[in-house]
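Worksheet: the structure to be examined is printed underneath.
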Amino acid sequence: MAENTKQTSEQAASAASEVLRDPEATKEDKKAAGSALSQTPSKSE
């Protein structure tokens with residue numbers, strides 16, 4: 001399987017985190033935010 005080289009910027013990851021904490025965010029918003037965060041490199045990388 002090929003390695004996923006896509007990465008989300010820190011600014012986009014921060015915005016995605018805010019969406020996930022927003023109680024009024026829609027399910028679609030949270031799904032997109034989760035997808036963005038899954039492409040964020042870990043601190044150890």
- Gly34: net charge of surrounding residues, Cβ under 14 Å, Lys/Arg +1, Asp/Glu -1, itself excluded? 0
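Applying a 10 Å radius around every beta-carbon, put 22-31, 9-18 in order of their mean neighbour count, most first.
The most tightly packed comes first, giving 9-18, 22-31.
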- Using a cut-off of 17 Å between alpha-carbon atoms, which aspartates and glutamates can reach Lys6, once sequence neighbours fewer than 8 places away in the same chain are excluded? Glu45
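Values quoted throughout were computed directly from the atomic coordinates according to the rules given, and no laboratory measurement underlies them. In this text the structure is predicted, and so the values were computed from the model without any measurement. Don't worry about glycine lacking a Cβ; one is built from the backbone with ideal geometry, like all the others, and counts go over all protein chains shown.
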